[in-house]
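The values are calculated or read from the model by the stated rules, or taken from the named source; none is laboratory data. From a predicted model like this one, the values you see are computed outputs, not experimental measurements. Cβ sites come from the backbone with ideal geometry, for glycine too, and all protein chains shown count toward neighbours.
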Amino acid sequence: MGSLVRNQRDLRLFWWCAGDHHIVDSNDISFFLAAQGAIKQVYEYGSWYLLEPIMCVEVTAPQDFQGSVLSSLSKRHGVIVSTDASEGWFTVVAEVPLNSMFGYSTELRSLTQGKGEFSMEYSRYSPALPEVQQQLLNEYRAEQEAAVAAAGGKKKR
């Protein structure tokens, strides 16, 4: 959320594509200041969104529970990547936001009468859902307002 909540920003690459050099008016500081101004404009007018970690989740359980397991992954905003079944068991691979996976172990045991198991590993980062981002922004703003109130109306930086 970088610019949204004043956290660390990740600017991976900056390309200076064009620019004229004049022997009298151009120097290192001129190009540095121009680049600094361009980056400032990006932060002010750019589109910002929160990235969240996406986990690759593999669930194995008896086939009798396949529907309820798939439903539980969908409720957690999971995207089913593949399913496989053999000898009375099934395996499903899904990509699920990490924040949605808290408490899944207990839910899976409950759904499968203790017979299901899962593993997960980091897959990638992906933009958070708009409602998740809005919730986090609201929480951040509430914390900032509380900090200002606690400091006696002085803005905390």
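In segment 84-97, what residues are of a type in the set (S, T, N, Q) and at pLDDT 95 or above?
The one that is of a type in the set (S, T, N, Q) and at pLDDT 95 or above: 91.
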Requested in this report: Report, by residue number, each residue of segment 87-129 that is of a type in the set (Asp, Glu) and touching a Ser or Thr at 6+ places or on another chain (Cβ under 9 Å).
Outcome: 95, 107, 117
Query raised in the report: Counting just the residues of segment 53-76 that are farther than 25 Å from residue 133 by Cβ and of a type in the set (S, T, N, Q), which one comes out surrounded by the most Cβ atoms within 10 Å (Cβ to Cβ)?
Result: 66
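Can you say whether residue 152 is farther than 30 Å from residue 62 by Cα, outside any helix (DSSP H, G or I) and not hydroxyl-bearing (Ser, Thr, Tyr), as far as the supplied structure shows? Write out each step before concluding.
Numbers: farther than 30 Å from residue 62 by Cα: yes; outside any helix (DSSP H, G or I): yes; not hydroxyl-bearing (Ser, Thr, Tyr): yes.
So residue 152 passes the test.
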Report task. For segment 77-88, indicate whether the set of residues that are touching a strand residue (DSSP E or B) at 6+ places or on another chain (Cβ under 7 Å), under 11 Å from residue 58 (Cα atoms), among the hydroxyl-bearing types (Ser, Thr, Tyr) and surrounded by 12 or more Cβ atoms within 10 Å (Cβ to Cβ) is non-empty. Result -> yes
Requested in this report: Looking only at segment 114-140, count how many residues are more than 17 Å from residue 54 (Cα to Cα) and in contact (Cβ under 8 Å) with a residue 24 or more places away in the chain.
Outcome: 6
Report summary line: If we keep only residues of segment 89-100 that are out of contact with any Lys or Arg (no Cβ under 6 Å at 6 or more places or on another chain) and buried (at least 18 other Cβ atoms within 10 Å of the Cβ), then the residue nearest to residue 136 (Cα to Cα) is 97
